[in-house]
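These notes concern the structure reproduced below.
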Amino acid sequence: MSATKRKRETESKTSHDDLSGFSGAEVQYLQSALKLAREAGAVILEAARNPKSIVTKSNSTDVVTETDKRCEDIIVGQLKSLYPKHKFIAEESHVENGVYDFTVEPTWLVDPIDGTTNFTRAFPMSCVSIGLAINRKPVVGCVYNPYSDEMFYAISGQGAFLNGKRIKTSDKTAINGAVVVTEFGYERGEAGIDLMLGRLRKLLRANIQGLRSIGSCAINMCYVACGKLDGYYEGHDKFQGPKPWDFGASQVIVQEAGGNLIDFKDGSPFDMTQGRILCCATKALQAQMLDVLKE
Ligand code: IPD
């Protein structure tokens, strides 16, 4: 598909994103994020149709492709020209050896493809994740899965939406019968494996109804936001665990849908830089999951 055709297709879909229910300065930021998520989504689909174009780099578990970089250039390039004073924390650039500077300035948190491993295997569970944090608090979020054409978005204090319809979390309050999603990240040391398996054993003993591992932190959280799943947890520490670009957008979406996030090490308030998330549909379910997961 030519760049012009892709742009036209993106513009026509973007015109369906009705933001008339939103107000305030954040609306323009959300509008930009939606447009760029659709544009990057079209690049992802185009590459997925031509698997030979998918070049894998990095180690055997944590992969990155040329398409990640291309999408990030599209998103960050355009956001920089629209908002030259804003800062950026984006997965494939601006992050040296896992070190990033997260200040109180307006900061875009960008993961051009969350679920890169899925993308390299044409497993249709990857998304573009674009969030904006102000004072280190995410205020705008947009997560787009181009395979399913699911566009999740939210502005802090103004609700969360999926393809134009308001969403809310499930009302599940008991761990018994809950459907839980987790990821195994990139940790492959014996101690890390024991920790992850120990948590699974405890969850199964608590009689959860189902366990999923979808391969994308952002999609997991959006699925908790719209009630398809009841709880998501992942991580160990700031090196082994989800990063602000993975959940910066979905954090606003799930919170606006009624969900709650905490650090499952000890139940303390969620800290974006610690690499541990427990995100649940209700606080009651979260308290029960915390009992099972805390270290
Ligand atoms: C990863 C995915 C994966 C999760 C990791 C993330 P990436 O993002 O969300 O499911 O386990 O914590 O880093 O590398 O596909 O962008």
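The values are calculated or read from the model by the stated rules, or taken from the named source; none is laboratory data. Just so we're clear, the structure is a prediction, and the values are computed from it rather than from any experiment. Counting neighbours? That spans all protein chains shown, and the Cβs are built from the backbone with ideal geometry, glycine included.
Before moving on, here are some points about what is shown:
- Residues considered: Glu150, Glu187, Glu105. Of these, the only one that is more than 28 Å from Asp291 (Cα to Cα), surrounded by 16 or more Cβ atoms within 10 Å (Cβ to Cβ) and out of contact with any Ser or Thr (no Cβ under 6 Å at 6 or more places or on another chain) is Glu150.
- Enumeration of residues in the range 194-217 that are in contact with a helix residue (DSSP H, G or I) (Cβ under 9 Å, 6 or more places away or on another chain), farther than 25 Å from Met125 by Cβ and part of a helix (DSSP H, G or I): Lys202, Arg205
- Being in contact (Cβ under 8 Å) with a residue 40 or more places away in the chain, part of a helix (DSSP H, G or I) and of a type in the set (A, V, I, L, M) is not true of Ala191.
- Test result for Phe270, within 14 Å of the ligand (Cβ to nearest atom) and either surrounded by fewer than 24 Cβ atoms within 10 Å (Cβ to Cβ) or within 24 Å of Gly141 (Cα to Cα) (or both): no
- For the range 111-135, taking the residues that are in contact with a Cys (Cβ under 9 Å, 6 or more places away or on another chain) and β-branched (Val, Ile, Thr), the one that is farthest from Asn50 (Cα to Cα) is identified as Ile130.
- Qualifying residue in the range 248-260 (condition: in a loop (DSSP other than H, G, I, E, B), more than 15 Å from the ligand (Cβ to nearest atom) and surrounded by 24 or more Cβ atoms within 10 Å (Cβ to Cβ)): yes
- Some residue of the range 164-179 being among the acidic types (Asp, Glu), within 30 Å of Asp17 (Cβ to Cβ) and either within 16 Å of the ligand (Cβ to nearest atom) or surrounded by 15 or more Cβ atoms within 10 Å (Cβ to Cβ) (or both): no
- Pairs are defined by a Cβ separation below 9 Å, a sequence spacing of at least 6 or placement on different chains, a first member in the range 202-220 that is under 16 Å from Ile277 (Cα atoms), and a second member that is away from the ligand (no atom under 14 Å from the Cβ) and among the acidic types (Asp, Glu); the pairs so defined are Ile219/Glu150.
Residues are listed down the side, and each one gets a yes or a no for (1) at negative phi; (2) away from the ligand (no atom under 15 Å from the Cβ):
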residue: Leu195; (1), (2): yes, no
residue: Ile208; (1), (2): yes, yes
residue: Cys222; (1), (2): yes, no
residue: Gly241; (1), (2): no, no
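- The strands (runs of 3 or more DSSP E) found wholly in the range 35-151 and carrying at least 1 residues that are modelled with pLDDT of 90 or more occupy 87-90, 107-114, 127-134, 137-145.
- For the range 1-34, a residue qualifies if it is in a helix (DSSP H, G or I) and modelled with pLDDT under 90, and the qualifying residues are Ala3, Thr4, Lys5, Arg6, Lys7, Arg8, Glu9, Thr10, Glu11, Ser12, Lys13, Thr14.
- Filtered residues of the range 180-193 (kept if more than 13 Å from the ligand (Cβ to nearest atom) and more than 15 Å from Leu285 (Cα to Cα)): Gly189, Glu190, Ala191, Ile193
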